[in-house]
Amino acid sequence: MASFDDIVLTGDPRLKTRCAEITEITPEIRALAERMLDDMYLANGCGLAAPQVGELVRLVVIDCDYAGGRDRNPYVLVNPRIVAADGEPREYEEGCLSFPGISVFVERPSHVIVEAEDLDGDTLRYEASNNLMAVCLQHELDHLDGKTMVDYLGPIERMRALSECRRAIEAGALPGQVGSDEE
Ligand code: NI
């Protein structure tokens, strides 16, 4: 069942671990994808990576349409890899279900092509440009290599963001909640 408690929060070493390739799409992998989608929708996120629920495998779920108030349109990406990341760099305000209470500005390439298997083992290609999907693909794939959005910040900015996040968690912020700026 979907639960906020299922989501691994900042400070957990699993968010800094490189995840393993999935060699076979087992019933466990299918169940994991379902669980991740349930958690993502519960928290109103547009993406979730397996390490964020404590599973160190290369699996990502994304739905950038639902957050815009439309019908659910979930993608499940098994062993996703970046084929191209180029285009004019764009800055975007990102949040992450593992960092309740904060959002940070991250600059990334504006155009991305990603290949991944789906749960049937078919290889699919995702291309996105200058939109939330382009950001989300890169953000979620980073998680599989133990990288999070705060790693793009300078040391002082990162410390500030992390302490703000810790305060938010102590104050009861849940995954998906982004607090208003205090300053
Ligand atoms: Ni994230």
Accessible solvent surface per residue of the chain, calculated while the other protein chains remain in place, 1.4 angstrom probe, Å²: 52 Å²
Let me have the 222 nm mean residue ellipticity of the chain computed from DSSP H runs of 4+ only, each contributing -39500 (n - 2.57), with the sum over all residues rounded to the nearest 500. -8000 deg cm²/dmol
Summed residue charge, Cβ within 14 Å of Leu119's Cβ, Lys/Arg positive, Asp/Glu negative: -4
Pick from Thr123, Thr26, Thr148: which residue has the top mean-square fluctuation in a GNM of the chain where Cα pairs under 10 Å get a spring? Thr26
For the chain, with all protein chains present and a 1.4 Å probe, just round the carbon and sulfur fraction of the accessible area to a whole percent. 48 percent
Positive-end residue of His139, Val178, Asn79, charge dipole of segment 4-178 with Cβ unit charges: Val178
Charge tally for neighbours of Pro89 with beta carbon under 15 Å away, counting Lys, Arg as +1 and Asp, Glu as -1, is -4
Tell me, Kirkwood radius of segment 39-183 from alpha-carbon pair distances, in Å? 15.7 Å
Under unit Cβ charges (Lys, Arg +1; Asp, Glu -1), what dipole magnitude, rounded to 20 debye, does segment 80-183 have relative to its Cα centre? 300 debye
Based on Cβ point charges of +1 for Lys and Arg and -1 for Asp and Glu, what charge dipole magnitude is obtained for the chain about its Cα centre, in debye rounded to the nearest 20? 340 debye
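The values are calculated or read from the model by the stated rules, or taken from the named source; none is laboratory data. Computed from a predicted structure; not experimentally measured. Note that each Cβ is placed from the backbone with ideal geometry, even for glycine, and that neighbours are counted across all protein chains shown. We work out accessible area using only protein heavy atoms, side chains counted, and drop any ligands, DNA or RNA first. Shrake-Rupley method; radii C 1.70, N 1.55, O 1.52, S 1.80 Å.
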